[in-house]
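Trainee: Dropping the structure in here first, questions after.
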Amino acid sequence: MKLNEIIKSCGLELKNSAEDMDCDVTGGYSSDLLSDVMANAKDGNVWITLQTHNNIVAVAVLRNLAGIILVNGREPEESTLAKAKEEGIAVMSTPLSTFEIVGKLYGLGIRG
Amino acid sequence: METKFDKTVEILFELKVADVMRKDIISIGPSDMMSQLKKTLQERRISGLPVVKGSNLVGVISIEDLIRWLSDGDADQRVEEVMSKNPQCLYADQPLIHAVKKFDQFGFGRFPVLDRESGKLVGIITRGVIINGTLKKLEKEYKEEEIRQYRASHFFGDISADQKKVTLKFKISGKDFDNAGKASTTMKKNLKRMGIQPDIIQRAAIASYEAEMNVVIYTNGGVMQYTITEDKLSLNVTDSGPGIDDIEKAMQPGYTTSESWVKELGFGAGMGLPNIKKCSDKMDLQSEVGKGTTLKIEILIGEDHEVK
Amino acid sequence: MKIGEIIKLLNAEVHYLHNNQSDAEIKSAAACDLLSDILARVHVPDLLLTGLNNAQAIRTCSVFGIKAVVIVRGRPIDQKLIDLAHEEEITLLSTKDSLFIASGKLFSKGIEDAFEPCE
Ligand SMILES: Nc1ncnc2c1ncn2[C@@H]1O[C@H](COP(=O)(O)OP(=O)(O)O)[C@@H](O)[C@H]1O
Ligand SMILES: [Mg+2]
């Protein structure tokens, strides 16, 4: 499934566009522990987290993630947005909790 | 980490008044005469009696009442004319800690115990009865020797150093992540036993836990002291440094100085202090860099947590 | 959904089942690795899904009033944690599923999140 389609189906708010919003999302990974994402997320995964610190952009770049979805209505910090722009990482947000947004993504057929 | 003091308090929450009270009640009737009372108190070597009509408690009369009556030199009188009406009572199903509080609060030597359903008199409780009941239970868990030492040094005075209060103290070790939160969960259990409302217990537990985590994470250790009175629960958390240099900033949601090891353990998102504030009715945070930090919070308990 | 069904669905290992109640009902769940975030919630979920396998995962449940926890990502569970779960009377399960997969599976079976954004 493409990132664009996911944004539409889940009603995500786009905070920063990636270079390629048409990219295929290979799966989902949900974690609030950066080292865990570094170790276990896979290329092209969309990452669901409530961390908003700018370190999340670095992790997304290093792991080649398709994008980051911030949950619980959290806003990315200014420095996070700036870094995301610089690196071309998609950042989205949702008022839903991790459990709910993951449930929706899973319902769309996205897996690990 | 559990001390005998913690254990004693735990037992006081666990045991019910009915578990230790004297059931062989010596009583007197309201229309019995004062001269009769004098005889009974002398013979039985006791310092007071419940006044009972049928199996209902109608008053209490003490040796003080008798002395006053004697010194007034009045003619013989019916007990009901001298006794105190509407006496302070305990219910059989209350935790023993309520009894301890009541003794401190009123300074009486004894309380009649009523069955909550029927309102009938079912027993009598005295300080001696509480101490014996608690020590008996404690003795099952500790060796004789330790008990003897403990009996000498602690007990009543410790649990209620002041009037109308229950105070509990916990020492918190810095950086001991395994035991972090133990004081708060222990306290939660104790509050439950005291019959405090669940929503208040939850707020107290959350605030206490976040405060405890801060002591474990940021300091080399400290002390948490809980004080429970009729109307509120107070928590005092002190540590000996490093202190907070900008308290206003520290209180902002999301502000944190936590290192990554803290985050990997599930904390350090900058939500602790704001949540402590949200959970408490009153919060005061004082700190001096290089000296230490003191956090004081209060949570109002309200009237209906305990039967009057 | 009953705890027993969740155990099957997640192919979970059971470390401590409080009161041996495999028919305890689970209606809501939260998925999170940040415990402070759980503690700041308005509603108490029945179940916590987390990748944390330390004592704080159990104590947070105890403090907040959550009945059961599933430790995800195949994190090892040591005896001390099991003892603590026992002591705090919190049902403790673990699964090899990721947080994403475990949450997705439960959501698809009708489990909800009692989440309500606070202010
Ligand atoms: N007892 C304390 N001693 C020193 N610093 C503290 C203490 N409590 C809190 N702080 C400071 O206040 C900041 C905010 O605390 P808190 O709101 O609990 O969030 P967190 O612990 O997630 O960082 C901490 O990062 C720390 O710098
Ligand atoms: Mg904190």
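The values are calculated or read from the model by the stated rules, or taken from the named source; none is laboratory data. Bear in mind the structure is a predicted one, so any value in this text is a computation, not a measurement. A quick note on method: Cβ atoms are made from the backbone with ideal geometry, for glycine too, and the neighbour counts reach across all protein chains shown.
Trainee: Return the residues of the stretch B:243-260 that are more than 10 Å from every other protein chain (Cβ to nearest Cβ) and not hydroxyl-bearing (Ser, Thr, Tyr); say none if nothing qualifies.
Mentor: Scanning the stretch B:243-260 gives B:GLY243, B:ILE244, B:ASP245, B:ASP246, B:ILE247, B:GLU248, B:LYS249, B:ALA250, B:MET251, B:GLN252, B:GLU259.
Trainee: Checking the structure you have, find out if any residue of the stretch C:79-95 is in contact with a Leu (Cβ under 6 Å, 6 or more places away or on another chain), within 25 Å of B:ILE206 (Cα to Cα) and within 12 Å of chain A (Cβ to nearest Cβ).
Mentor: Of all residues in the stretch C:79-95, those in contact with a Leu (Cβ under 6 Å, 6 or more places away or on another chain) come to C:85, C:91, C:95.
The next check asks that each one be within 25 Å of B:ILE206 (Cα to Cα); those that pass are C:85, C:91.
In the following step, the residues that additionally are within 12 Å of chain A (Cβ to nearest Cβ) were identified as none.
Within the stretch C:79-95, not a single residue is in contact with a Leu (Cβ under 6 Å, 6 or more places away or on another chain), within 25 Å of B:ILE206 (Cα to Cα) and within 12 Å of chain A (Cβ to nearest Cβ).
Trainee: Mind listing whichever residues of the stretch B:188-214 are within 28 Å of B:ASP93 (Cα to Cα), at the interface with chain C (Cβ under 10 Å from one of its Cβ atoms) and hydrophobic (A, V, I, L, M, F, W, C)?
Mentor: Answer for the stretch B:188-214, where residues must be within 28 Å of B:ASP93 (Cα to Cα), at the interface with chain C (Cβ under 10 Å from one of its Cβ atoms) and hydrophobic (A, V, I, L, M, F, W, C): B:ILE201, B:ALA204, B:ALA205.
Conditions tested, residue by residue: (1) touching a Gly at 6+ places or on another chain (Cβ under 9 Å); (2) not small (Gly, Ala, Ser).
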residue	(1), (2)
B:ARG203	no, yes
B:GLY221	yes, no
B:ILE228	no, yes
B:VAL237	yes, yes
B:PRO242	yes, yes
B:GLU248	no, yes
B:ILE276	no, yes
B:GLU298	no, yes
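Trainee: Residues of the stretch B:244-299 being outside any helix (DSSP H, G or I), of a type in the set (A, V, I, L, M, F, W, C) and within 13 Å of ligand 2 (Cβ to nearest atom), which ones? Explain how you work it out, then say what you get.
Mentor: Here is the first cut: in the stretch B:244-299, the residues outside any helix (DSSP H, G or I) are B:244-246, B:252-259, B:265-271, B:280-299.
So of that shortlist, the ones also of a type in the set (A, V, I, L, M, F, W, C) come out as B:244, B:265, B:267, B:269, B:271, B:283, B:285, B:289, B:295, B:297, B:299.
Scanning the stretch B:244-299 gives B:ILE244, B:LEU265, B:PHE267, B:ALA269, B:MET271, B:LEU285, B:LEU295.
Trainee: Just a yes or no: is a residue in the stretch C:9-28 aliphatic (A, V, I, L, M), at the interface with another protein chain (Cβ under 9 Å from one of its Cβ atoms), within 25 Å of A:MET38 (Cβ to Cβ) and in contact (Cβ under 8 Å) with a residue 40 or more places away in the chain? Talk me through it step by step, then tell me what you get.
Mentor: Kept after step one, since they are aliphatic (A, V, I, L, M), are these residues of the stretch C:9-28: C:9-10, C:12, C:14, C:17, C:24, C:26.
From what is left, the residues that are at the interface with another protein chain (Cβ under 9 Å from one of its Cβ atoms) are none.
No, the stretch C:9-28 contains no residue that is aliphatic (A, V, I, L, M), at the interface with another protein chain (Cβ under 9 Å from one of its Cβ atoms), within 25 Å of A:MET38 (Cβ to Cβ) and in contact (Cβ under 8 Å) with a residue 40 or more places away in the chain.
Trainee: Is it the case, given these coordinates, that A:LEU105 is closer than 14 Å to C:PHE100 by Cβ and within 14 Å of chain C (Cβ to nearest Cβ)? Spell out how you get there, then give the answer.
Mentor: Numbers: closer than 14 Å to C:PHE100 by Cβ: yes; within 14 Å of chain C (Cβ to nearest Cβ): yes.
Spelling it out, A:LEU105 is indeed closer than 14 Å to C:PHE100 by Cβ and within 14 Å of chain C (Cβ to nearest Cβ).
Trainee: Residue by residue through the stretch A:28-50, note down the ones that are among the acidic types (Asp, Glu) and more than 9 Å from chain C (Cβ to nearest Cβ).
Mentor: Here is the first cut: in the stretch A:28-50, the residues among the acidic types (Asp, Glu) are A:32, A:36, A:43.
Hit for the stretch A:28-50 is A:ASP43, nothing else.
Trainee: Does C:SER108 meet the test of being modelled with pLDDT of 95 or more, under 17 Å from A:VAL71 (Cβ atoms), within 14 Å of chain A (Cβ to nearest Cβ) and in contact with a Gly (Cβ under 9 Å, 6 or more places away or on another chain)? Walk me through how you get there before you give the answer.
Mentor: Values: modelled with pLDDT of 95 or more: yes; under 17 Å from A:VAL71 (Cβ atoms): no; within 14 Å of chain A (Cβ to nearest Cβ): yes; in contact with a Gly (Cβ under 9 Å, 6 or more places away or on another chain): yes.
Spelling it out, it is not the case that C:SER108 is modelled with pLDDT of 95 or more, under 17 Å from A:VAL71 (Cβ atoms), within 14 Å of chain A (Cβ to nearest Cβ) and in contact with a Gly (Cβ under 9 Å, 6 or more places away or on another chain).
Trainee: Then there's this: Please enumerate the residues belonging to the stretch A:19-38 that are farther than 17 Å from A:VAL71 by Cα and in contact with a helix residue (DSSP H, G or I) (Cβ under 7 Å, 6 or more places away or on another chain).
Mentor: A:MET21, A:ASP22, A:CYS23, A:VAL25, A:SER35, A:MET38 - these are the residues of the stretch A:19-38 that are farther than 17 Å from A:VAL71 by Cα and in contact with a helix residue (DSSP H, G or I) (Cβ under 7 Å, 6 or more places away or on another chain).
Trainee: Still on this structure, please answer the following. So the check is Cβ under 9 Å with 6+ separation or different chains; which pairs have a first residue in the stretch B:192-221 that's assigned by TED's automatic domain parsing to the domain that holds B:PHE170 and more than 25 Å from B:PHE13 (Cβ to Cβ) and a second one that's buried (at least 20 other Cβ atoms within 10 Å of the Cβ) and among the charged types (D, E, K, R)?
Mentor: Hits for this filter: B:ASN214/B:ASP239; B:TYR218/B:ASP239; B:THR219/B:ASP239; B:ASN220/B:ASP239; B:GLY221/B:ASP239.
Trainee: Do we find a residue being part of a helix (DSSP H, G or I) and in contact (Cβ under 8 Å) with a residue 24 or more places away in the chain anywhere in the stretch B:43-59?
Mentor: Within the stretch B:43-59, not a single residue is part of a helix (DSSP H, G or I) and in contact (Cβ under 8 Å) with a residue 24 or more places away in the chain.
Trainee: Could you tell me which residue of the stretch B:229-243 is farthest from ligand 2 (Cβ to nearest atom), considering only residues that are of a type outside the set (Ser, Thr, Tyr) and closer than 19 Å to B:ILE276 by Cα? Before you say what the answer is, go through the steps one by one.
Mentor: Of all residues in the stretch B:229-243, those of a type outside the set (Ser, Thr, Tyr) come to B:230-233, B:235-237, B:239, B:241-243.
Next cut, closer than 19 Å to B:ILE276 by Cα only: B:232-233, B:235-237, B:239, B:243.
Numbers: B:LYS232: 24, B:LEU233: 20, B:LEU235: 15, B:ASN236: 17, B:VAL237: 12, B:ASP239: 13, B:GLY243: 15 Å.
Applying the filter and picking the extreme gives B:LYS232.
Trainee: Go through the stretch B:75-95 and give me each residue that's more than 23 Å from B:MET21 (Cα to Cα) and touching a residue at least 24 places away in the same chain (Cβ under 8 Å). I'd like the intermediate steps shown before the answer.
Mentor: We begin by selecting, within the stretch B:75-95, every residue more than 23 Å from B:MET21 (Cα to Cα); these are B:75-82.
Correct list: B:ASP76, B:GLN77, B:ARG78, B:VAL79, B:GLU80, B:VAL82.
Trainee: Within the stretch C:32-52, which residues are over 20 Å from C:LYS105 (Cβ atoms) and not basic (Lys, Arg)?
Mentor: Here is the first cut: in the stretch C:32-52, the residues over 20 Å from C:LYS105 (Cβ atoms) are C:34-44.
Answer for the stretch C:32-52, where residues must be over 20 Å from C:LYS105 (Cβ atoms) and not basic (Lys, Arg): C:LEU34, C:LEU35, C:SER36, C:ASP37, C:ILE38, C:LEU39, C:ALA40, C:VAL42, C:HIS43, C:VAL44.
Trainee: Another question, if that's okay. From B:THR257, B:THR293, which residue is within 21 Å of A:THR52 (Cβ to Cβ) and near ligand 1 (Cβ under 6 Å from one of its atoms)?
Mentor: Numbers: B:THR293 fails: within 21 Å of A:THR52 (Cβ to Cβ).
Matching residue, one of B:THR257, B:THR293: B:THR257.
Trainee: Condition check: more than 10 Å from ligand 1 (Cβ to nearest atom), outside any loop (DSSP other than H, G, I, E, B) and buried (at least 16 other Cβ atoms within 10 Å of the Cβ). Does B:LEU235 satisfy that? It would help to see each step written out before you state the result.
Mentor: Details: more than 10 Å from ligand 1 (Cβ to nearest atom): yes; outside any loop (DSSP other than H, G, I, E, B): yes; buried (at least 16 other Cβ atoms within 10 Å of the Cβ): yes.
Here the answer is yes, as B:LEU235 does meet what is asked.
Trainee: Are there helices (runs of 4 or more DSSP H) fully within the stretch C:1-113 with at least 1 residues that are closer than 21 Å to B:PHE267 by Cβ? List them. So that I can check it myself, show each step before the final result.
Mentor: Details: elements: C:3-9, C:35-39, C:55-64, C:79-88, C:99-108.
Filter on the stretch C:1-113 gives C:35-39, C:55-64, C:79-88, C:99-108.
Trainee: Check off (1) at pLDDT below 95; (2) more than 10 Å from every other protein chain (Cβ to nearest Cβ); (3) not in a helix (DSSP H, G or I) for A:HIS53 and give me the number that stays unchecked.
Mentor: With respect to (1) at pLDDT below 95; (2) more than 10 Å from every other protein chain (Cβ to nearest Cβ); (3) not in a helix (DSSP H, G or I), A:HIS53 is out only on (2).
Trainee: From the list B:LYS249, B:LYS278, exactly one residue is under 23 Å from C:LEU48 (Cβ atoms) and free of Cβ contacts under 8 Å to residues at least 24 places away in the same chain. Which is it? Quick ask: steps written out before the conclusion?
Mentor: Working: B:LYS249 fails: under 23 Å from C:LEU48 (Cβ atoms).
The match here is B:LYS278.
Trainee: In the set C:VAL63, C:VAL72, which member is in contact with a helix residue (DSSP H, G or I) (Cβ under 6 Å, 6 or more places away or on another chain) and either within 14 Å of chain A (Cβ to nearest Cβ) or within 27 Å of A:LEU108 (Cα to Cα) (or both)? Break it down stepwise before answering.
Mentor: Working: C:VAL63 fails: either within 14 Å of chain A (Cβ to nearest Cβ) or within 27 Å of A:LEU108 (Cα to Cα) (or both).
Going through C:VAL63, C:VAL72 in turn, the sole match is C:VAL72.
Trainee: Report whether or not B:ILE196 is in a loop (DSSP other than H, G, I, E, B), more than 9 Å from ligand 1 (Cβ to nearest atom) and of a type in the set (Val, Ile, Thr). Give the steps one after another, and end with the answer.
Mentor: On the way: in a loop (DSSP other than H, G, I, E, B): yes; more than 9 Å from ligand 1 (Cβ to nearest atom): yes; of a type in the set (Val, Ile, Thr): yes.
For B:ILE196, the condition - in a loop (DSSP other than H, G, I, E, B), more than 9 Å from ligand 1 (Cβ to nearest atom) and of a type in the set (Val, Ile, Thr) - is met.
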